[in-house]
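Written below as structure tokens is the structure these notes are about.
The values are calculated or read from the model by the stated rules, or taken from the named source; none is laboratory data. The structure presented is a predicted model; accordingly, all values stated were derived computationally and were not measured. Cβ placement follows ideal geometry from the backbone for every residue including glycine, while neighbour counts extend to all protein chains displayed. What goes into the accessible areas is simple: the full protein's heavy atoms, side chains included, and nothing from ligands, DNA or RNA. Shrake-Rupley method; radii C 1.70, N 1.55, O 1.52, S 1.80 Å.
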Amino acid sequence: EHEDTSLLLEALLEGQNYGAAEAEGTQCPSVTVPRNNPKKRNCLVVAVLCFGNLINFIDWFIVPGILLDIQKYFGLTDGKTGLLQTVFTLCYMLAAPIFGYLGDRYNRKIILGAGIFFWSGVTLGSSFLTESHYRIFVLSRGLVGIGSASYSTIAPTIIADLFEEGKRTTVLSIFYIFIPVGSGCGYMLAAGMAKSTGDWHWAFRVTPCMGGLALLLLILLVPHRIQRRTAAHRALSISGMIQTADEKPDEHRTAKTTWCQDVGSLVKNCSFVCSSLGLTAMAFVTGALGMWMPLFLYRAQVVQGIVPPCLQESCNSSNSLIFGGITIGAGILGIIAGAEAARRLRKINNKADPLICATSMFISALCLYIALMVAQKNILSTFIFIAFGELFLSVNWAVVTDILLYVVTPRRQSTAIALQILVSHLLGDAGSPYLIGVISHAIQARSSPSLQWSFWSMQYSFVICAFVGVFGGGFFLLTSFYIEEDRKEAQR
């Protein structure tokens, strides 16, 4: 029966050609996109999207990887340093709803390509700024955030349209593995380039070349149009039976509702709202850790006498390299573990997804709190508990997105993802780097300048993240009360 279902799905998708240009009398490049083998074509599309996601998150975390160098180069306080990531995230989240609206109504391949070209060009340009152009450097980070928003908003919806629900979680897990991989590579790339060249500016000149390659692959390997999942597709993927087949391939229901109507419907979706608030807590913690953790580890080592204070032009970047490696390893293991746990537990509990997210958030918060408390005495224990904290935090990435995709009707998914990005960043990592920096600076201002207080100020500021993590776990628990009803409503 499963094989028959797969054959039916492939035949249906082949017949519609995923909405490719053939329906308009034009042809896609047959050399690069295998049209007679949907599975191979889908794999190529996912590979391109994953490569783009890798570059996207490398650009996110180049600045934290060389934060000490940038802080010293521009002569910044902790508060002004945190502003760099806050501006990036604010622009990212404000642009996300716009791209969500465009992604639900216009060609997604064109939007993705334009976003990659834009953020790669701005990143390259920012590498030539001098110390007298700090404000332009801040502006450039905001513009990169706008380009990144186009990618993060639209790429997951393409994956959702290419795969049925059982496979979709696995493919999304692969896609979201590149969040921690890209983040870790961002730290390591930035630190490595700064160390090898003696100039941190070179860290911003690598990803634009990768972006050019991603743009070329996008043009060659991704179909010009990818058919959005219709009611027939959704019914087939969930129940294994086609319940309705009267919807034609080119009939898109997106035009029947306005953006305000879509938003109104999503606000009434309790599972979407609660899971988005849980994701917001995740974003708050992730943003603060991603921005400040290498600097926190450096200050802890200075207080312990492990490393001397940075007085030279190029500072010690070993913490960025180690933290980048931890982020990659913990991220990969966490996302794989989360996807596998969700796959197994769904068979015995329909509420498994939000319960997995809640449990992992509680454990992550505990690990991060312990890491902060032992940092001044044992740096090795700090690294270990940070690794476990990131591991359990990463469990949720693919699971949260899959929750959205099955509690929200397909025609509203881009808008839902855009709103989730807006809320999670507005209340999460848009403010957390700046907030941590401002609190740290305020604590230092009330005491005499010393290496000990520079460490304590960051330590006390970071405690906020542990409590926010607990709140995030609570929101995921609330999601479990509504998820069954909202899932049935989305299937209707």
**Item:** Residue check for residue 141: within 26 Å of residue 73 (Cα to Cα), charged (D, E, K, R) and either in a helix (DSSP H, G or I) or without any contact (Cβ under 8 Å) to a residue 60 or more places away in the chain (or both)
**Value:** yes
**Request:** Mind checking which helices (runs of 4 or more DSSP H) fall wholly inside region 55-131 and carry at least 3 residues that are open to solvent by 40 Å² or more (accessible area, probe 1.4 Å)?
**Result:** 78-105, 108-126
**Message:** So if I check each of 381, 360, which one is closer than 22 Å to residue 187 by Cα and in the same structural domain as residue 294 (by the TED database)?
**Reply:** 381
**Prompt:** In region 186-197, what count of residues is obtained for those that are of a type outside the set (A, V, I, L, M) and either open to solvent by 40 Å² or more (accessible area, probe 1.4 Å) or without any contact (Cβ under 8 Å) to a residue 24 or more places away in the chain (or both)?
**Reply:** 3
**Request:** Keeping to region 392-405, report how many residues are modelled with pLDDT of 85 or more and within 17 Å of residue 175 (Cβ to Cβ).
**Result:** 7
**Asked** Could we say that residue 122 is at pLDDT 85 or above, touching a Lys or Arg at 6+ places or on another chain (Cβ under 8 Å) and within 30 Å of residue 298 (Cβ to Cβ) here?
**Response** no
**Message:** Criterion first (open to solvent by less than 20 Å² (accessible area, probe 1.4 Å) and either within 24 Å of residue 341 (Cα to Cα) or among the basic types (Lys, Arg) (or both)) does residue 182 satisfy it?
**Reply:** yes
**Complete:** Of (1) part of a helix (DSSP H, G or I); (2) farther than 14 Å from residue 176 by Cβ; (3) without any contact (Cβ under 8 Å) to a residue 60 or more places away in the chain, residue 348 fails just (1)
**Asked** Which members of region 158-176 meet the condition of being open to solvent by less than 30 Å² (accessible area, probe 1.4 Å) and within 13 Å of the chain's Cα centre (by Cα)?
**Response** 172, 173, 175, 176
**Request:** Mind listing just one residue for me: the one in region 411-444 that is closer than 22 Å to residue 375 by Cβ and among the aliphatic types (A, V, I, L, M) and, of those, surrounded by the most Cβ atoms within 10 Å (Cβ to Cβ)?
**Result:** 436
**Asked** Taking the condition closer than 28 Å to residue 98 by Cα, under 13 Å from the mean Cα position of the chain (by Cα) and open to solvent by less than 20 Å² (accessible area, probe 1.4 Å), does residue 408 pass?
**Response** no
**Message:** Please count how many residues of region 272-286 are closer than 12 Å to residue 420 by Cβ and touching a residue at least 60 places away in the same chain (Cβ under 8 Å).
**Reply:** 10
**Request:** Find all pairs meeting these conditions: Cβ atoms under 6 angstrom apart; at least six residues apart or on different chains; first residue within region 330-345 and outside the structural domain of residue 177 (by the TED database); second residue open to solvent by less than 20 Å² (accessible area, probe 1.4 Å) and charged (D, E, K, R).
**Result:** 342/353
**Prompt:** Scanning region 324-343 for residues that are crowded, with 24+ Cβ neighbours inside 10 Å and touching a Gly at 6+ places or on another chain (Cβ under 8 Å), which turns out nearest to residue 66 (Cα to Cα)?
**Reply:** 324
**Request:** Sort out which residues of region 133-153 are among the aliphatic types (A, V, I, L, M) and either surrounded by fewer than 24 Cβ atoms within 10 Å (Cβ to Cβ) or touching a Pro at 6+ places or on another chain (Cβ under 7 Å) (or both), and write them in order of number.
**Result:** 136, 138, 139, 143, 146
